[in-house]
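The values are calculated or read from the model by the stated rules, or taken from the named source; none is laboratory data. All figures in this text were calculated on a predicted structure; none of them were measured in a lab. For neighbour counting, all protein chains shown are included, and Cβ atoms are generated from backbone atoms with ideal geometry for every residue, glycine included.
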Amino acid sequence: MEIKKKATIVDVAKEAGVSVATVSRVVNGNYPVKTETREKVQAAINALQYVPNVQARELNTRHSSTIGVVVPSLYNMFFAEVIDGIEKSMRRQGYSLLLNCAQNDPELEMECINTLVSRNVSGIIVISPNTQGLREEFYRRIVKRVPLVFINGYHRIPNVSYVANDEIMGTRQALEYLYKLGHRKIVLVRGENSDSYTVKEKAYRAFMKEHGLLDEDHIIDIGEGNNIDTMASARIKLMKVLPGLNPTAILCCNDLMATGAIRACKRLGLNVPKDISVIGYDNITLSKLVEPQITTMDQNMFQLGTNAAAVLVEMIHGGQSKRITLENILIVRESTAPCAVKS
C-alpha cells in the first residue's frame, strides 16, 4: 500500500501559483493579503489537505503556542474538571496543552516543570502544588524564564500568580453547618502531600479550639489522597478507628475520601446520615452518584481553570502576577442530618 506524502508549504505555493512567503502570510495571518490571493491559497490548502507545521512556525516566530500543565494525579475528577476549564479557555486563545502528571511526588513535580521548560512552553500552570517538598529557589529561577500560575497553592513566591479557593473559609463553613446541626464530635479525614489538606486541617484546628472541642485523635491521615486506592484507604482506616472514636460527623478533605467514609460507615452498621453525617469537599461528579449523595463544598473547579488560563495569558503578554481567590459554596445533599446524640 502506497503511503501518501504529506503536502508541504512549497506544494501549496505551486498549486496556488504564489510564493511560499504568501502562503506563510495566509497561514499565519501576520501580514495583509489580497482577498483573491487568500482564497486561492485557501483552496490549494483544502485541495492538498495541507496541515501547517506548528513547530516550524514557532521557530520562525519564536513564540510557542503550547502551555504546560502539571497535575498531581489523574484519578481525582477534581483535576480533570480544572483541566477542562484551562483547555477550553486556552483553545480560544490559540494555545494547546502539554499535560504532565507528577504522581503526588514533589521531586517529580519539579522534574515535570523542567521538562516543560525544555520544550519551550509559553507558560506553566501547576495544579495543587506540593510545597512540603518545594524548593523555593527552584521556582524563583523558573519564573524568571517562564510565567507560572499555581492553582490552590499557598506557598508565596514572588512573581508567581495564584488562583485558589478560600479553603479556610470553606472548611469553616462546612464545620459551622455541622455545628448548627448539633454535631460536636467531628472527625477530620485528610491525606498527605498536599497544601490543600494542611490548610483545611489548620482551619479545622482553629474552629474546634474556638469551641473547646479539639481532640488530636479526631484528625485522621489516610495517606495518599488522590490515587486509585484513596477510597479503599479511607474505608480501611476509618473502619479501624471509628468504633473507638464514636464521632457523630466526619469532614473529609475531598469527595474520594468521603465516599470511602460512607462505605466504612455502612460496613460498621452505621446509617448515613441517621447515625453519622459525612461531608466531602470539591463537588466532583462522583458526589452525586453515590448513595447517599454527598453533602460537599463546591470548589468552582471549571472557574479555577478558566481564571488560571486568563491570568497566564496576561503574563505571557507581559502582564504582572496576581492573586485570585474564589469562594466555596456549600452543596447540601443526603449524607448530613441533625445530630441524633444529645451533647
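Please go through the range 284-313 and give me each residue that is aliphatic (A, V, I, L, M) and either within 16 Å of I125 (Cβ to Cβ) or in contact with a Phe, Trp or Tyr (Cβ under 9 Å, 6 or more places away or on another chain) (or both), ordered by number.
Within the range 284-313, I284, M297, M301, L304, A308, A309, A310, V311, L312, V313 meet the criteria.
State whether the residues of the range 166-184 include one that is touching a strand residue (DSSP E or B) at 6+ places or on another chain (Cβ under 7 Å), crowded, with 21+ Cβ neighbours inside 10 Å and without any contact (Cβ under 8 Å) to a residue 60 or more places away in the chain.
no
Quick check on F150: is it aromatic (F, W, Y), under 20 Å from the mean Cα position of the chain (by Cα) and in the same structural domain as S73 (by TED's automatic domain parsing)?
Spelling it out, F150 is indeed aromatic (F, W, Y), under 20 Å from the mean Cα position of the chain (by Cα) and in the same structural domain as S73 (by TED's automatic domain parsing).
So which residues in the range 292-328 are without any contact (Cβ under 8 Å) to a residue 40 or more places away in the chain and surrounded by fewer than 16 Cβ atoms within 10 Å (Cβ to Cβ), if there are any at all?
Listed by number, the residues that qualify are H317, G318, G319, Q320.
Out of all the residues in the range 191-246, which are closer than 18 Å to C339 by Cβ, touching a helix residue (DSSP H, G or I) at 6+ places or on another chain (Cβ under 7 Å) and surrounded by 19 or more Cβ atoms within 10 Å (Cβ to Cβ)?
Within the range 191-246, Y204, F207, H218, L242 meet the criteria.
Hey, could you check the range 297-319 for residues that are at pLDDT below 95 and among the polar types (S, T, N, Q) and say which is farthest from N283 (Cα to Cα)?
N300
Looking at (1) under 21 Å from Y75 (Cα atoms); (2) in contact with a Pro (Cβ under 9 Å, 6 or more places away or on another chain); (3) small (G, A, S), which one does A264 not meet, given that it meets all the others?
(2)
Inside the range 179-278, counting only helices (runs of 4 or more DSSP H) that do not spill past its ends, which hold 3 or more residues that are closer than 23 Å to M169 by Cα?
195-210, 255-267
Among the residues of the range 185-199, what is the count of those that are out of contact with any His (no Cβ under 8 Å at 6 or more places or on another chain) and either over 20 Å from S277 (Cβ atoms) or without any contact (Cβ under 8 Å) to a residue 60 or more places away in the chain (or both)?
Matching residues across the range 185-199 total 8.
Is at least one residue of the range 84-93 surrounded by 17 or more Cβ atoms within 10 Å (Cβ to Cβ) and in contact with a Cys (Cβ under 7 Å, 6 or more places away or on another chain)?
Scanning the range 84-93, I find no residue that is surrounded by 17 or more Cβ atoms within 10 Å (Cβ to Cβ) and in contact with a Cys (Cβ under 7 Å, 6 or more places away or on another chain), so the answer is no.
Does the range 259-271 include one or more residues that are modelled with pLDDT of 95 or more, crowded, with 18+ Cβ neighbours inside 10 Å, basic (K, R) and not assigned by TED's automatic domain parsing to the domain that holds G153?
Yes, there is a match, as at least one residue in the range 259-271 is modelled with pLDDT of 95 or more, crowded, with 18+ Cβ neighbours inside 10 Å, basic (K, R) and not assigned by TED's automatic domain parsing to the domain that holds G153.
Of all residues in the range 62-83 being outside any strand (DSSP E or B) and touching a Cys at 6+ places or on another chain (Cβ under 8 Å), which is surrounded by the fewest Cβ atoms within 10 Å (Cβ to Cβ)?
For the range 62-83, the residue satisfying everything is L74.
Restricting to the range 9-43, name every residue that is in contact with a helix residue (DSSP H, G or I) (Cβ under 7 Å, 6 or more places away or on another chain) and exposed (fewer than 11 other Cβ atoms within 10 Å of the Cβ).
V10, S19, Y31
Answer yes if at least one residue in the range 307-319 is farther than 14 Å from A174 by Cβ, assigned to a helix (DSSP H, G or I) and in the same structural domain as I250 (by TED's automatic domain parsing), and no otherwise.
No, the range 307-319 has no match at all.
For L286, state whether it is in a loop (DSSP other than H, G, I, E, B) and either in the same structural domain as Y204 (by TED's automatic domain parsing) or over 19 Å from N227 (Cα atoms) (or both).
Judged against the criteria, L286 is not a match.
Which of the residues belonging to the range 28-52 are of a type in the set (A, V, I, L, M, F, W, C) and over 15 Å from K6 (Cβ atoms)?
Result: V33, V41, A43.
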